[in-house]
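The values are calculated or read from the model by the stated rules, or taken from the named source; none is laboratory data. Quick caveat, the model's predicted, so the values are computed rather than measured. Virtual Cβ from ideal backbone geometry, glycine too; neighbours counted across all protein chains shown. We work out accessible area using only protein heavy atoms, side chains counted, and drop any ligands, DNA or RNA first. Shrake-Rupley method; radii C 1.70, N 1.55, O 1.52, S 1.80 Å.
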Amino acid sequence: MMQPTTQQAAALKTLVIPMADDEWMIGHRGSEWLALAPDLEEDLAMSSISQDEMGHAELLYEVLHGLGEASADEAVYLRGPQGWRHAALTAAARGSWAEWVVRRYCYEVFDGIRRKALQRIPYAPLVAALQKMDREHAYHLTHFQSLVQTLAYGGPASRQYLEEAIREDWPKLPDLFEWGGRDEAWVSWDVAALAPSMMRAAFEQVVRQDFAAWQLTWPGNLPAADRAARHHDNSEFLAALLLEMREVRQVAPTSGW
Amino acid sequence: MEFPRDTPVYEVFAQREALSFPTHVGSVRASSPEMALQMAREAYFRREAAYDVWVVPESAITRAREYPEVLPVAPEEKTYRLPGGYDNAPLWKRFKAEAQTIEQVAEEMAAKKEGRS
């Protein structure tokens, strides 16, 4: 597929926008941990990982730009709340450190599954972007697995924080697996792995295995996704986030940054 | 209230190429050796590659400062171990300055030896 048809381009957008927005939001929220991580070493590691995520988002916005969407800058700085398709978990406000560790671990596991499924779509710019992301994400997953493990074996208090965090994040997971667009988008590629039910099953399999290794109680099946998954049309919360994220740029909106 | 203990310190060594020696680059705190490798990667190798990275628990290092008798000190009283007595440098300088022939230099040295000059 050198030049996608209009239909294919629309389907690709439905699949790539959620991933680009997820990466951007998780990177943005991650950047808020700067100077707040538990130690200097983790502060460096987390900032670096968050920069990676923002870089991945940029790569994906460029892929979308090639499909006729706005540029990366416009997507991030000018798009209204109704245009964003990130999962609620990625943009949730900063909570406890344990919550962030659980959130990031779950996101990395999920994102690996999603990248693997998307790699089977024969659109060269997307394949190239995913390959570049893969290299950095392998390390991200290892890092967050280590952090969960550290909390799991850091004594009773630390384990309690971890278990609370898992309970807190569990209900926020389901909309990760949704595309937020019409099912035709992924069905048209004939890639069964893109089906939300398949991604959920793959996610559960990995996380169950890890939880068993860390002797963590499985919190129960993931709840069903909301019909409005990845739509934030009336979210005051998102409007506030965008306002804060764009604050510096808005000081001089017409200048070239 | 019980304060959390600091995580242990690991000394970080990097081998830039397969045949180069591991060189100390710094230290990190981490909860496990694997974590120390991850932290070292972020702290010291964000912009450059390494052939290998070692992390060594600080506690595994035996320091000579704790055993003064083996601590190497400046060999002040061991002048006999310092190289000395090779005073050919001024002769070479003159040879170059005056465009002497090597035979002239040899003659001069021989004269010096015999106490002629």
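Quick rundown of the values:
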| quantity | calculated |
| --- | --- |
| Area of A:LYS172 that stays accessible when all protein chains are in place (1.4 Å probe, Å², to 10) | 60 |
| B:PHE95, A:PHE203, ranked by accessible area, largest first (probe 1.4 Å) | B:PHE95, A:PHE203 |
| Net charge contributed by nearby residues that have their C-beta within less than 14 Å of A:ASP134 (K/R +1, D/E -1) | 0 |
| Computed FRET value (nearest 0.05) for B:VAL73 with B:THR23, which takes r as the C-beta separation and R₀ as 25 Å | 0.55 |
| Share of carbon and sulfur in the accessible heavy-atom surface of the stretch A:103-212 [1.4 Å probe, %] | 55 |
| Assigned charges on the beta-carbon of Lys, Arg, Asp, Glu; the stretch A:1-66 dipole about Cα centre (debye) | 520 |
| For chain B, calculated [θ]222 nm from helices alone, where every DSSP H run of n ≥ 4 adds -39500 (n - 2.57) | -9000 deg cm²/dmol |
| Rounded accessible area of A:GLU204 (nearest 10 Å², 1.4 Å probe) | 40 |
| Per-residue SASA entry for A:LEU34, accessible area with 1.4 Å probe, Å² rounded to 10 | 110 |
| Accessible area per residue in Å² at 1.4 Å probe, computed on the stretch A:123-241 | 52 |
| Partner chain coverage, peptide B:20-31 - average Cβ within 10 angstrom | 2 |
| Positive minus negative residues near B:GLN100 (Lys, Arg vs Asp, Glu; Cβ under 13 Å) | -1 |
| Value at 222 nm in deg cm²/dmol, rounded to 500, when DSSP H runs of n ≥ 4 in chain A each add -39,500 (n - 2.57) | -21000 deg cm²/dmol |
| Electrostatic dipole magnitude of the stretch B:9-61 [Cβ: Lys, Arg +1; Asp, Glu -1; Cα centre; debye, to 20] | 160 |
| Residue among B:MET35, B:VAL56, B:PRO68 farthest towards the positive dipole end of the stretch B:26-78, charges placed on Cβ | B:MET35 |
| Interface residues in the stretch A:136-160 - accessible area drops by 50 Å² or more relative to the isolated chain, probe 1.4 Å | A:TYR139 |
